[in-house]
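Only the coordinates and a few stated rules stand behind these numbers; no lab work does. Keep in mind it's a predicted model, so treat the numbers as computed, not measured. Every residue, glycine among them, receives a Cβ derived from its backbone with ideal geometry; neighbour counts consider all protein chains shown.
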Amino acid sequence: MIKAITADITAVEVDAIVNAANPSLLGGGGVDGAIHRAAGPELLKACRQLNGCAVGEARITPGFQLPAKWVIHTVGPVWHGGAHGESESLASCYRNSFELAMQHQCRSIAFPAISTGAYGYPKREAAEIAVSVMREYQGRFEEIICCCFRDEERVLYEDILGQA
């Protein structure tokens, strides 16, 4: 089941949450900073051991003080107009996150809107890519959550989810 909710991703009770990280994996603003603050200092220590992450790839750490057992860190593309492989990179973020989740026997996962904040990806295009990849994996998970920061974002995801 895929659903959209408005919530703080750090409080969602799922097997894994996805962090829209920067390439250093050492914390930052937005979702990344919130996850690092909520998980506690152990998350930063674990991320230092990973030596970063390239755009489109994903890495996994324990959730530490979060309700989620795992944090999957993925680095989304910066929007440069759409003709520079952004859509492929964004889809890879979702696919690689799902693959790591399956390797760690996760049955539920929550995603933020990757790349739509400081990285400037247009929200509708990003949501369409996210939902498309989520549909590829929906039979392998009990619950896939589009965890939206604002109600407007949730309504956008619900609109896309409602389309066949």
What helix-only [θ] at 222 nm does the chain give? Using -39500 (n - 2.57) per DSSP H run of at least 4, over all residues, to the nearest 500, the answer is -12000 deg cm²/dmol
Could you let me know the centre-to-centre spacing of the range 111-149 and the range 72-108, using Cα atoms, in angstrom? 9
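Per 0.36 nm of contour for each residue apart, how much would the distance between Arg37 and Thr6 grow if the chain were fully extended, relative to their Cα-Cα spacing? Before the final figure, lay out each step's value.
Details: separation 31, 0.36 × 31 = 11.16 nm, distance 1.96 nm.
Between Arg37 and Thr6, full extension yields an extra 9.2 nm.
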Only Lys, Arg (+1) and Asp, Glu (-1) charged, at Cβ; the chain dipole about Cα centre in debye: 400
Would you mind telling me the antiparallel percentage of the DSSP bridges in the chain, rounded to 5? 20
Students often forget the sequence filter, so: which lysines lie under 22 Å Cα-Cα from Lys45 once same-chain residues fewer than 8 apart are removed? Lys69
With θ set to phi - 60°, apply the Karplus curve 6.51 cos²θ - 1.76 cosθ + 1.60 along the range 35-46 and write out the HN-Hα couplings as whole Hz, x wherever there is a Gly or Pro. 5, 4, 5, 6, 6, x, x, 5, 5, 4, 4, 5
Taking a straight Cα-to-Cα line shorter than 25 Å from Lys123, and setting aside same-chain lysines fewer than 8 residues away, one finds Lys3
Label selected from [x] 107; [y] 95; [z] 124, the criterion being volume of the Cα convex hull per residue in Å³ as computed here: [y]
Pick from Gly81, Gly28, Gly120: which residue has the top mean-square fluctuation in a GNM of the chain where Cα pairs under 10 Å get a spring? Gly81
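Got the relative contact order for the chain handy, in percent, Cα pairs under 8 Å and 6 or more residues apart? The partial results should precede the final answer.
Numbers: 337 pairs, mean separation 51.4, N = 164.
Across the chain, relative contact order equals 31 percent.
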